[in-house]
Amino acid sequence: MLSTHVHAYLRAAAGDQAHRAGPFTIRFDEHDGALPFNYAIPDDGVTPTAEEVAALVAAFRERARTPRLEYVPQAAPGVEQRLEAAGFVAEGRYPLLICPPDAVADEAVPGVEAALVDDDPGLWGAARVMNAAFEAPEATEHDVARLRRVLDRGGLMAAAVDTATGEVVGAGQLGGPHLGVAEVAGIAVAASHRRRGIGGALTALLTRAGAKAGITTPFLTPADDRAASVYLRVGYRKVGEMLHISAQGPAR
């Protein structure tokens, strides 16, 4: 089942940042409290007790992090009600999209060249444009180290460069695969170059390159309908939803 495969990927992607609290795997970033880097995934099919949810919350509080989960409700339908009873509120329900490797549409942007990167200048350029696009603080070595870990796990990084200026104007990543499953994430475009198709070009590049690396099921979860339209043009299709839910109300 796709939902359980996505969960297995998310647990594997936590790597050495993974912790356990009851029937939950938690990914913590010790250096960055941003929500996307700190979340839990429930065990498949589990219905946690109130005590287990309390232990989950305590694990986040001990690290000064917002208690939250990112997971596919279909894989653990008994979790959401127990979380709501403990005061959790849904941040949002986001479409879960996948793209068969042979369904990727060609995406090219005049004046912009998208390519895979794996060296320090490329990773720094990617980190800077990602942080700016997502309104995060200025990129640091920790952000670059996070991208290096993606590469170390067999993932891919891509950057888009304005051929006239040499400026990095877009970036994105594809996580290291687990049983052929991997997530396309962090697709970012500089404000000066948006609405030109760069996000789609990066997504298409990563999806095609991932297929050559053995990734059979690339997936992503767009934040809104506008972002979803970009990925639908590339060839992605909705197959489910991802729930983001936290103990401190809506945040993204």
Could you please tell me which pairs satisfy a Cβ distance under 7 Å, a separation of 6+ or placement on different chains, a first residue in segment 202-215 that is farther than 17 Å from residue 179 by Cα, and a second residue that is charged (D, E, K, R) and modelled with pLDDT under 95? 204/106; 204/107
Which residue out of 217, 207 is surrounded by fewer than 24 Cβ atoms within 10 Å (Cβ to Cβ), more than 23 Å from residue 92 (Cα to Cα) and in the same structural domain as residue 106 (by TED's automatic domain parsing)? 217
Subset of segment 21-37 that is touching a helix residue (DSSP H, G or I) at 6+ places or on another chain (Cβ under 7 Å) and more than 16 Å from residue 10 (Cβ to Cβ) - its residue that is modelled with the highest pLDDT: 22
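Each row is one residue, and each column tells you yes or no for (1) more than 19 Å from the chain's Cα centre (by Cα); (2) of a type outside the set (Phe, Trp, Tyr); (3) under 24 Å from residue 176 (Cβ atoms).
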position	(1), (2), (3)
46	yes, yes, no
49	yes, yes, no
61	yes, yes, no
70	no, yes, yes
81	yes, yes, no
99	no, yes, yes
130	no, yes, yes
135	no, yes, no
144	no, yes, yes
Show me the helices (runs of 4 or more DSSP H) found entirely inside segment 1-85 where at least 3 residues are within 17 Å of residue 149 (Cβ to Cβ). 2-14
May I ask you to say which residue of 72, 109, 117 is surrounded by 17 or more Cβ atoms within 10 Å (Cβ to Cβ), assigned by TED's automatic domain parsing to the domain that holds residue 135 and modelled with pLDDT of 95 or more? 117
Please go through segment 153-197 and give me each residue that is at positive phi and free of Cβ contacts under 8 Å to residues at least 24 places away in the same chain, ordered by number. 166, 195
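Let's see how each residue does on (1) over 26 Å from residue 212 (Cβ atoms); (2) aliphatic (A, V, I, L, M):
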{"residue": "136", "(1), (2)": "yes, yes"}
{"residue": "154", "(1), (2)": "no, no"}
{"residue": "185", "(1), (2)": "no, yes"}
{"residue": "201", "(1), (2)": "no, yes"}
Checking the structure you have, find out if any residue of segment 77-88 is surrounded by 15 or more Cβ atoms within 10 Å (Cβ to Cβ) and touching a His at 6+ places or on another chain (Cβ under 8 Å). no
Conditions (1) charged (D, E, K, R); (2) surrounded by fewer than 19 Cβ atoms within 10 Å (Cβ to Cβ); (3) without any contact (Cβ under 8 Å) to a residue 40 or more places away in the chain -> residue 65 fails only (2)
Output for segment 38-61, where each listed residue is of a type in the set (A, V, I, L, M, F, W, C) and either buried (at least 21 other Cβ atoms within 10 Å of the Cβ) or out of contact with any helix residue (DSSP H, G or I) (no Cβ under 8 Å at 6 or more places or on another chain) (or both): 40, 41, 53, 54, 55, 56, 57, 58, 59, 60
Residues of segment 155-175 being surrounded by 19 or more Cβ atoms within 10 Å (Cβ to Cβ) and within 19 Å of residue 195 (Cα to Cα), which ones? 158, 159, 160, 161, 168, 169, 170, 171, 172
Determine, yes or no, whether residue 248 is polar (S, T, N, Q), closer than 25 Å to residue 138 by Cα and not in a helix (DSSP H, G or I). no
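The values are calculated or read from the model by the stated rules, or taken from the named source; none is laboratory data. The model shown is predicted, which means the values in this text are computed figures rather than measured ones. Backbone-built Cβ (ideal geometry, glycine too); neighbour counts: all protein chains shown.
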